[in-house]
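See below for the structure under consideration.
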Amino acid sequence: MAAASYVLPFEKPVVELVTRVRELRELARSDRALEPELKRLEDKAAKLARELFAELSPWQKVQLSRHPNRPYTLDYIDRIFSSFVELHGDRCFGEDAAIVAGLATLGSRPGSGRAGDLPSRGRSVMVLGHQKGRGAKDNVKRNFGMPHPEGYRKALRLYEMASRFGLPIVTLIDTPGAYPGIGAEERGQSEAIGACLAAMARARVPIVAVIIGEGGSGGALALGVANRVLVMEYGTYSVITPEGCASILWKDGSKADEAAARMKMTAPDLLRLGVVDRVIDEPAGGAHQDPDAAARMVETALADTLRDRPSRWGRPRTPAARSSARSGTTLTRWALQPSNAAAASAHHGGHEACGAPSVTNATSRGKATAYGTNEITVAFSRAL
């Protein structure tokens, strides 16, 4: 990755110090006499970053999670996994570059000297993740990290493949949400996401999800139903973006900062609410300041997690189920009106030609019920 060229206003002091550390580190490689000064400057940068970033608002953390220089899925794959073989296509419509996936071996690339440090390193896994682009051309190719239905059906295919061959699944979450375009809806966006949730819930292998940036709505959840969910220190995870929440609740998208605070979407809140199982520390100033160090932290967290006995993990769960289990409350479902449920049933039934079942189910009373946006919106509004 190239050095950071985009700087948020609140991170300028840290960026300046980190840049000096980076320059001194290069010089210290040829002159060992500079190592004491390098160590002093590294400690100063880390201390300053912790002091400044300890006071960040939720909205500032959202901005960090979206930082354009932040490491993306392919950056982590290149640093954490070896023997990566990318797999393409959903065998139904086409390929979607917004989700990258394939077979890999957990462990740093050959020559790093780190592979095999922990028992779980060196094991084969199925790795999937959202991929944003860098620059205009790449962002168009990756659709800004917003997958189409074929991307989720590719993920579905590989979930089932991993379960069939006994491969642990590792997902890297970083998306503002699923693509909301007309074509995506026509090809069954909601059904594709629902099929992913079902496949992950019934998987017979361990699933570990890592939120490496922003985790937005069902687009993130399609990769997030896991036995263990980890989040980077400045990652976020929510049912909707703060801008979307503010537009719905107050008809004013400029109140995104207030919405971010109320939504409890940052790593400390997610851990406290039981939505995630662990927060992964980031280098001073965030993962984008030192992608190599960030990757080492993620690799260690993955190895530690997979080293635990999967028999103690239980079934993969959604964020709502996790939070409910932590608090001891019972989940409530809100049914759509019968007329809307019938329409949803007819809509989803049209996508069964691709081999995917309808997401419309029957309640205990025999009435058709479709779970989706209405349930999420009501639950979210009540939480506020």
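Read-outs: derived from the displayed coordinates by stated rules, not from any lab. These figures come from a predicted structure and were not determined experimentally. Backbone-built Cβ (ideal geometry, glycine too); neighbour counts: all protein chains shown.
Listing Ser163, Ser5, Ser83 from the residue with the fewest other Cβ atoms within 10 Å to the one with the most, what is the order?
In order of increasing Cβ crowding within 10 Å: Ser5, Ser83, Ser163.
Starting at 0 and stepping by 10 Å, how many percent of the alpha carbon pairs of segment 9-55 end up in each bin?
Per 10 Å bin, starting at 0, the Cα pair percentages come out as 29, 47, 20, 4.
Give me, ordered by chain and number, the residues 5 or more places off Phe84 or on other chains with an amide H under 5 Å from its own placed amide H.
Under 5 Å from the amide H of Phe84 lie the amide H atoms of Thr105, each far enough along the sequence or on another chain.
How much of the DSSP bridge set in segment 62-326 is antiparallel, in percent, rounded to the nearest 5?
40 percent
Round to a whole angstrom and tell me the spacing of the C-alpha centers of segment 194-248 and segment 38-60.
If you average the Cα positions of each part, the centres end up 28 Å apart.
Of all beta bridges DSSP finds with both residues in segment 142-288, what is the antiparallel percent, to the nearest 5?
Counting DSSP beta bridges with both partners in segment 142-288, the antiparallel share is about 5 percent.
With just the Cα atoms of segment 1-107, tell me how far they stretch along each of the three principal axes, in Å, largest first.
Principal axes ranked by extent give 57, 38, 22 Å for the Cα atoms.
Using the Cα centre of segment 62-326 as origin and beta-carbon charges of +1 (Lys, Arg) and -1 (Asp, Glu), tell me which of His88, Thr318, Ala178 is placed farthest towards the positive end of the dipole.
Thr318
Classify segment 62-326 as rounded, prolate or oblate, taking a ≥ b ≥ c as the square roots of the eigenvalues of its Cα gyration tensor: rounded when a/c is under 1.5, otherwise prolate if a/b is larger than b/c and oblate if not.
Details: a/c = 1.35, a/b = 1.20, b/c = 1.12.
The shape class here is rounded.
Percentage of Cα-Cα pair distances in segment 36-187 greater than 28 Å, rounded to whole percent?
Details: 4132 of 11476 pairs.
Tail of P(r) above 28 Å: 36 percent of Cα pairs.
Could you give the radius of gyration (one decimal) and Dmax (whole number) of the Cα atoms in segment 135-198, in Å?
13.0, 39
Across segment 233-244, in residue order, what do the Karplus-derived ³J(HN,Hα) couplings come to in whole Hz, using 6.51 cos²θ - 1.76 cosθ + 1.60 with θ = phi - 60° and x for Gly and Pro?
Those phi angles translate into 3, 10, x, 9, 8, 7, 6, 7, 5, x, 5, x Hz.
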